[in-house]
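The next block holds one structure in the form of structure tokens; read it before the comments.
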Amino acid sequence: MNAASDAASAKSLPFHSLPLMLALSLFINSTTPPTSSSPTVMAASVPLLPAGGARSPSSSLADGAPPPPEQTEAPVSVTEILNELLNGYDKRVRPNYGAKAVDVDVTMLISSISSMSEVDMDFTIDFYFRQFWTDPRLVIKKFPNKDEQITVGQEMMERIWMPDTFFPNEKKSFFHHATTINKFLRIRKDGRLYTSIRLTTTLACELDLSYFPLDYQNCSLEIESYGYATSDIKLHWKRDLSKADQVEFDEKRLKLPQFKILSATAHSRMEGTGTGQYSRLSCELKFSRRMGYYLIQIYIPSSLIVVISWVSFWLSRESTPARVSLGVTTVLTMTTLMSSTNAQLPKVSYAKGIDVYLGTCFVMVFASLLEYATVGYSTKRLKMRAAAQHRQMHGGIPPTSVMTSQSHMGGSPSKTFQQILGSNHSLHHHPPEHQPLTHRHPMGSPGREGNAERLADHGSMHGRRDRYKSWGSDHSHAQGNTDMYSPHGLPPNGPVDLESGVCRSYSLPRVSPKRKREFKSSEIDKWSRIAFPLAFLCFNLAYWFIYLNISVIPGGENAVADTLPEEPQPAQ
């Protein structure tokens, strides 16, 4: 029996009998010498298996099977990392305590500005407040993902140290909790931290209303560390960003009903108090007021009220109820408009731009009312002066008494004239050839004697010759007059001889050409129709030119300078 047959028989046997067959084969080979015709079976031709039939790794590689995976460490969870970071961490102590100060970078994103109150001197802003700083105690050695940062919520923020920033000009503020608290914290592998908080804050703002409503306002959001001085904390606007990106806002989204946001500028400075020096950041917001509301509600109505008050200049002077009621109504309307406007503004001690305009409109309507009072007074003075001149000319008899006496008296015209002239109507221009009436009329009286004296004085002043010429001229012009009475109640042809009843030439006292022309009350209205509109037009031109050119942004672009030294940007 040769080795080849034994090997063939060994293959047919079950696997557990292979060791027995291997031992039998070795025994036969040792007793039988090898020959050239029979190949020798090497021990290496039969694989050696351990007890129990398990294969060794070398046998698997010999069979071409893949190697088993290498043994690796179990992945580290975020929970284990956070627990390891907080192990022995003391949030009461700032990073690098006793060494250099912590540099805190700040950025802002303004989402909305809801209101600005002139009465309360404040404005309300909704924004995202972001802070960046480095804490060496929070360096992560074993990082679980490729992003190299971990994002956690408020619970982690409450267990680590955070900057104690606050807003010095804050009145009230609140955090947002819908649907959860709007805060998050990101921890990077190298220990840099980034936190973001959304909050709404009402901030104080000192408004300058000198040019209201043609004004520009400058309000600020102040940021400062409450307890840490500059030796512990230094606040900066994020140094690796441009000034435009340090404070972000969208002009299309930020639309206020009365204001337009012109710019938002970041500034920094040192603020000294009794407890030390603190670094303060400020975000300067510049607003320009929109004029639409005030033009429609105040400027145009007040101008129309002034124009309505001018209607009284075209009304008749005798229309007293209409002119008085129109003047009083416009004055009261302007008073109501001024009161309602000032009720919405603070009680400042200086005159605002709108006060100047409304005050001028009130003066204009009040002057229109005074104009009619002046017209009425002038008309009354002219009537009184005319009555006084009439009494001086006609001896105290009213102008209508002559016609009234004729209507009640019967008889011939000569008799009527004699009765009228007995009351001193025609004694001023008696012909020089007649004696004074006190010597010719049998019924003397003190009134007639007084008139005779005035007649004598008149004759001595002008001379007989001049009066003859005057009477002759008047008489020649009055020859064609057939009316019995003149408009003044005197005979048209002059005085009447008391004995014969014949009318002589008569003329009224002539006014000297050098006498000053009397000012009529109707001319006041004529001049007011021009003066009042012209004055109001000039005022409007001056008002709008001055307030549109003088009102500028308070402080200009360089109102607040950067006082903190520039520091190199951190390496990326």
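Here are some notes:
- Here the calculated FRET efficiency for MET291 and SER111, from their Cβ-Cβ distance with R0 = 35 Å, stands at 0.85, rounded to the nearest 0.05.
- For the residue pairs LYS100/LYS286; LYS91/LYS286; LYS183/LYS255; LYS252/LYS352; LYS142/LYS234; LYS238/LYS286, the alpha carbons lie more than 29 Å apart in LYS100/LYS286; LYS91/LYS286; LYS252/LYS352; LYS142/LYS234.
- Other-chain or far-sequence residues with amide H under 5 Å of GLY191's (modelled H): ILE140
- Label-point separation in nm, ARG385 to ARG186, each point 7 Å along Cα→Cβ: 9.2
- Here the Karplus relation 6.51 cos²θ - 1.76 cosθ + 1.60, evaluated at θ = phi - 60°, turns the backbone of region 95-109 into coupling constants of x, 6, 5, x, 10, 5, 6, 7, 8, 10, 8, 10, 9, 9, 10 Hz, with x for every Gly and Pro.
- At full extension, MET156 and SER196 could sit 13.1 nm farther apart than now, given 0.36 nm per residue minus the alpha carbon distance.
- Ranking LEU281, THR265, ILE298 by Cα position along the charge dipole of region 249-301, where only Lys, Arg, Asp and Glu carry charges on their C-beta atoms, puts ILE298 farthest toward the positive end.
- Residue-count net charge about TRP310 - beta-carbon cut-off 15 Å; Lys, Arg +1, Asp, Glu -1: +1
- Cα gyration tensor category, rounded, prolate or oblate, for region 78-131 with a/c compared to 1.5: prolate
- Options SER210, MET157, ASN169, ranked by Cα towards positive dipole end of region 111-224, top entry (Cβ charges): MET157
None of the figures in this text is laboratory data; all of them are computed from the coordinates on show. Since the model is a prediction, treat every value here as computed from it, not as a measurement. Note that we place each Cβ from the backbone using ideal geometry, even for glycine, and neighbour counts take in every protein chain shown.
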